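Notes for the one structure printed next.
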Amino acid sequence: MDDVPGCSLSRRDVLIAGAGTAAATVVEAADREPAMSNATTSRLTLDVNGQAHTVDVDTRTTLLDLLREQLHLTGTKKGCDHGQCGACTVLLDGRRINSCLMLAVMAPGAKVTTIEGLGTPQKLHPLQAAFVAHDGYQCGYCTPGQICSAVGMLDELKHGVPSHVTADLAAKPLLSADELRERMSGNICRCGAYSNIAEAITSVAKEAA
Ligand code: FES
Ligand code: FES
């Protein structure tokens with residue numbers, strides 16, 4: 001009964017060999033462990049929402065994870081973590097970026113603005129107020145990214161930055177429906193609240209014009 005059919009090894013031999021292989025795998029994994037956990041950290045200082053923070057970060061940490069996990073600013077959302085949804089949009093030195101695509105160590109000395117830094121419940125940023133007034137969200141998960149992105153977009157328009165659909169590169173672009181769609185195309189809303197989001201942004205753009 002102990003013999004493996006068609007094989008000269010006994011069942012006991014096979015079990016011993018299997019246990020040996022498993023042990024070797026564990027030893028191999030343990031050998032690799034120091035390399036895996038021997039992460040390099042780096043100290044950096046950056047300004048987040050007007051407050052200086054000096055942090056030690058694993059050099060593989062994204063700006064998004066630094067904001068959420070170390071600074072506990074969870075207003076900035078993680079959607080895809082691959083630069084495809086815009087949920088993680090923040091302003092870096094005034095320009096909108098996907099914080100999931102940037103390593104924290106790439107932003108020493110930078111001035112970062114997250115949704116928490118735009119306004120407060122008592123004193124909303126005009127875009128935050130407009131999103132509320134125009135019902136520009138359903139679940140709200142994309143909303144911080146939409147609002148930060150819209151802040152950056154309106155600033156780009158103010159400075160005459162053209163987009164892919166700007167017909168006249170010499171003229172200051174206006175916020176047409178096409179321009180808005182193109183410029184906000186990096187911010188996905190899975191609830192499909194696009195028409196209300198567009199109304200909210202357009203109302204602020206009109207007031208600013
Ligand atoms: Fe950064 Fe989706 S989480 S783009
Ligand atoms: Fe739900 Fe945009 S409001 S994803």
Checking Ala150 against (1) more than 15 Å from the chain's Cα centre (by Cα); (2) modelled with pLDDT under 95: exactly one of these is not met. Which one? (2)
Pairs please, first residue from region 126-147 and on the phi > 0 side of the Ramachandran plot, second anywhere and within 10 Å of ligand 2 (Cβ to nearest atom) and of a type in the set (Gly, Ala, Ser), Cβ atoms under 9 Å, 6+ apart in sequence or on different chains. Asp135/Ala193
Go through region 78-93 residue by residue and tally those that are more than 7 Å from ligand 1 (Cβ to nearest atom) and closer than 12 Å to Gly145 by Cα. 3
Test result for Asp135, within 16 Å of ligand 2 (Cβ to nearest atom), modelled with pLDDT of 95 or more and more than 23 Å from the chain's Cα centre (by Cα): yes
Over 20 Å from Ala209 (Cβ atoms), crowded, with 17+ Cβ neighbours inside 10 Å and either without any contact (Cβ under 8 Å) to a residue 60 or more places away in the chain or among the hydrophobic types (A, V, I, L, M, F, W, C) (or both) - does that describe any residue in region 184-191? yes
Test Ala107 against the stated conditions and say whether it is over 28 Å from Val204 (Cα atoms), loosely packed, with under 15 Cβ neighbours inside 10 Å and modelled with pLDDT under 95. no
Under the condition of being within 16 Å of ligand 2 (Cβ to nearest atom) and either of a type in the set (Ser, Thr, Tyr) or in contact (Cβ under 8 Å) with a residue 24 or more places away in the chain (or both), which residue from region 77-94 is surrounded by the fewest Cβ atoms within 10 Å (Cβ to Cβ)? Gln84
Can you name the number of the only condition in (1) surrounded by fewer than 19 Cβ atoms within 10 Å (Cβ to Cβ); (2) of a type outside the set (D, E, K, R); (3) away from ligand 2 (no atom under 16 Å from the Cβ) that Val151 fails? (1)
Would you say Arg68 is part of a strand (DSSP E or B), closer than 26 Å to Arg190 by Cα and away from ligand 2 (no atom under 16 Å from the Cβ)? no
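The values are calculated or read from the model by the stated rules, or taken from the named source; none is laboratory data. Given the structure is predicted, the values throughout are model-derived calculations rather than measurements. Cβ sites come from the backbone with ideal geometry, for glycine too, and all protein chains shown count toward neighbours.
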